[in-house]
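Structure first, commentary second.
Nothing in this text is a laboratory measurement; each read-out follows from the coordinates by a stated rule. Note that the structure is predicted; figures quoted are calculated from it, not measured. Quick reminder, even Gly has a Cβ in these numbers, built from the backbone with ideal geometry, and neighbours come from all protein chains shown.
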């Protein structure tokens, strides 16, 4: 009986401690949400020198965005999320060409050994499902690696092949941006929860100012898309619609007041 009594007391104490901890955590979270740094501003002031800007178009390829690409055959809904941002990216490319802002593309490209090397003991469940389905996305030498026809690079654009999520990992992108004296990187492409967030973090780590084009990126999982945009806007840079970014660029050197990201 005494042992059972002690066990019961221990359980009560544990539950009580957990309740107290929960109350304290809720208070801390409430305090953080009321803090000025944790709330999206209703308005931000921004100035972007077009001569210090670059537009980055990440992985807008047939393997991801074409119905007959590898992902389209795996999940017919997937290319729709990529196609959704094509009009915005096309508009951004057109404007940048017009005013002389450099445009860089990345292309995810894999060699056959990437799929057979077995470097990972395990991967996330989404990647696991793709692997188990035998999908070999963006295999070198296939149409998967081609940029979507609507967004084909021109002779004045730059294209960087990559084989990891970040546009910076083992590519010339960083050096190329330094050649152009770039300070602000405007990021578009797919998808938000993978290549976009990896590229944003690496750009930030290299001391570039990061602006994600809100209507120029997307993810097949809506809540991941929204959560990652919130993370970026809170900790790494700005998340703004293209129309506002274009306004700021066109009115340089004026500082422009624009709505905050997803106010």
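So, in nm, how far is label residue 174 from label residue 155 when the simple model puts each one 7 Å beyond its Cα toward the Cβ?
Each label point is offset 7 Å from its Cα along the Cβ direction, giving 3.3 nm.
Find the centroid of the Cα atoms in segment 49-93 and in segment 201-232, then give the distance between the two in whole Å.
A separation of 14 Å, based on Cα centres.
Work out how much length residue 204 to residue 254 would gain on full extension: take 0.36 nm times their residue separation and subtract the Cα-Cα distance, in nm to one decimal.
15.6 nm
How much length is gained on full extension from residue 143 to residue 226, taking 0.36 nm per residue of separation minus their Cα-Cα distance?
26.8 nm
Compute log10 of I(q)/I(0) for segment 205-263 with the Debye formula, placing one identical point scatterer on every Cα and leaving out solvent, at q = 0.25 Å⁻¹, to two decimals.
-1.11
What distance in nm separates the simple spin-label points at residue 75 and residue 131, each placed 7 Å from Cα in the Cβ direction?
About 1.7 nm, to one decimal.
Spin-label point model (7 Å from Cα, Cβ direction): what's the residue 247 to residue 68 distance in nm?
4.2 nm
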